[in-house]
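Nothing in this text is a laboratory measurement; each read-out follows from the coordinates by a stated rule. In this text the structure is predicted, and so the values were computed from the model without any measurement. Cβ placement follows ideal geometry from the backbone for every residue including glycine, while neighbour counts extend to all protein chains displayed.
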Amino acid sequence: MTGDETSYGDEIAIVGMAGRFPGAGDVGAFWTQLLDTVDSTGQPTPWLTEFDPDFFGFTPAEAVATDPQHRMFLELAWQALTDSGHDPAAPPGPVGVFASASANQYQSLRVAAGRDPAPFQSADHLPGQVSYRLGLTGPAVAVQTACSGSLVAVCLAAQSLLDFRCDVAIAGGTNVDLPDYRHPSDGLRSPDGVCRAFDAAGQGSGFASGGGAVVLRRLADAIAAGESVYAVLRGFAVSNDGANRGGFAVPGVDGQAAAVAEALAVSELAPDQVGYIEAHGSGTRLGDAIEVAALRRIFDDRVAGPVALGSVKTNLGYLDAACGITGLIKTALVVGQGMIPANLHFREANPEIDFGPFVVPTKTTPWPEQPPGTLRVAGVSAFGVGGTNAHVVVAQPPTPGWSRLPTAAQPFSRQRCWDDAVAVVA
């Protein structure tokens, strides 16, 4: 990919970001943890029980009863908009909200403790809640495709911009995992809570709380407005595995490969221009092997040098509906800053994986030197139980000087908004 393009076509700019993750209350702290190879699995999430009800027009009782996923995403949406330089009260045009959330564990545990269920607390209501509280008038779309939900939300948001259904789009997702909630047995959970993606000892991931949001603009509009850009979405695709897989919860090579191939085709980039893949990388022996097999179908014989392969789940755990947005935020910083964080806990390769051109980095390394006039390009994947796959091709901004680090998250007035009948790890 060359850096001298003046016609930006269907490219989408990431102009704002916000996130909260285990041990990191904002994107800047998250990036520092990644560079420092910090394993944040099981780290405190003190922001989980806190909220600013007055700022968003909640009564104290409403705030305590509201799903913390909704509260978190409200704050993330506002932070991402302000990080982008836009005033949430005076955006440049209709703002769309595309969001995914996991099961409302908080409500389930409150009801089990004898509380009355609060209305309008499902994942369906999350985007509308943001639009209502922030006064946004673009499409408000809930996306429920399990673990791929937040990356599918990004794809739908980008398409909405390309269709001129909005001028700004907020996209992302949240997950809250509470200690007393009884999960179904799904084979995804690591016994010790550690994700060992691509490793012989991989047994899944520990689940974690967190979330993220990005603000998207048509790249031409962002440039015309003088907005700074984290990264550019060059192509994106969503597919489903259909029936060609080993079971409903088993991923499929064909469906994953189709999503990667289509996203690259839309981007008009070749596999040999991609230097990094942020994998779904859930740490299961079968799932990781299927994912690499799908990638090899696209990349084998089409790349000259090694392609780095990593998974942020090795740093944080499994954020369920927020998996995809977490991987996208990481990948935007990778291409923007030119650093590839280590994939943690990789000691002995999963014997079921033939890695081909892919290399798993075990330490933080600079992005290899690019040929003159070219830009860094990466891919990010998210796959949902049920077979919905998303892949996004992410590139460095066409003017490298545009790339920036996140500004500090805007502080809210913090107060405890939590039902003490519900246990929390904070």
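Database remark: amide H of F207 closer than 5 angstrom to the amide H of Y318 (H placed geometrically; neighbours at sequence offset of 5 or more, or on other chains; Pro and chain starts carry no H).
Against the compact-protein benchmark of 2.2 N^0.38 Å, the Cα-based radius of gyration of the stretch 242-299 scales to 1.16.
Got a sec? Charge dipole of the chain, +1 on Cβ for Lys and Arg, -1 for Asp and Glu; which of V64, G235, G275 is way out at the positive end? Positive-most Cα among the choices belongs to V64. Structural descriptor for the stretch 304-426: relative contact order 26 percent, calculated from alpha carbon pairs under 8 angstrom and at least 6 residues apart. Helix-only arithmetic for the chain: the sum of -39500 (n - 2.57) across DSSP H runs with n ≥ 4, divided by the residue total, places the mean residue ellipticity at 222 nm at -8500 deg cm²/dmol.
Quick check on the stretch 49-157: take the gyration tensor over C-alpha atoms, sort the square-rooted eigenvalues as a ≥ b ≥ c, and tell me if it's rounded (a/c under 1.5), prolate or oblate. Oblate, since a/c reaches 1.5 and b/c is not below a/b. Between the alpha-carbon centres of the stretch 363-397 and the stretch 247-281 there is a gap of 10 Å. When the alpha carbon gyration tensor of the stretch 153-283 is reduced to an equivalent ellipsoid, its three semi-axes come out at 32, 21, 15 angstrom, largest first.
Close amide H partners of A169, meaning residues 5 or more places away or on another chain with modelled amide H under 5 Å apart, are G96, L216. Remark: the stretch 373-387, residue by residue, has Karplus-estimated 3J(HN,Hα) of x, 10, 10, 6, 10, 9, x, 9, 10, 8, 10, x, 4, x, x Hz, where x stands for each Gly or Pro and the curve is 6.51 cos²θ - 1.76 cosθ + 1.60 at θ = phi - 60°. I need the shape label for the stretch 249-360. Rule: rounded when a/c is under 1.5, else prolate if a/b > b/c, else oblate, with a, b, c from the alpha carbon gyration tensor. In terms of gyration-tensor shape, rounded. Look at L76, L219 and count the other Cβ atoms within 10 Å of each Cβ; fewest to most, that gives L219, L76. Rg and Dmax over the alpha-carbon atoms of the chain stand at 20.0, 65 Å.
For the stretch 12-416, the relative contact order comes to 24 percent (Cα pairs under 8 Å, sequence separation of at least 6).
Of L35, L109, the sequence from fewest to most neighbouring Cβ atoms within 10 angstrom is L35, L109.
The distance between label points at A112 and R414 comes to 2.8 nm (points 7 Å beyond Cα on the Cα→Cβ vector).
Take every DSSP beta bridge with both residues inside the stretch 12-416 and express the antiparallel ones as a percent of the total, to the nearest 5. Antiparallel bridges make up about 65 percent of those DSSP assigns within the stretch 12-416. Our coupling estimate for the stretch 44-60, obtained by passing each phi through the Karplus curve with A = 6.51, B = -1.76, C = 1.60 and θ = phi - 60°, is x, 10, x, 5, 5, 8, 10, 6, 10, x, 4, 4, 9, x, 9, 6, x Hz, Gly and Pro reported as x. For chymotrypsin sites (Phe, Trp or Tyr not before Pro), the sites in the stretch 199-256 that DSSP calls loop and that have at most 12 other Cβ atoms within 10 Å are F248.
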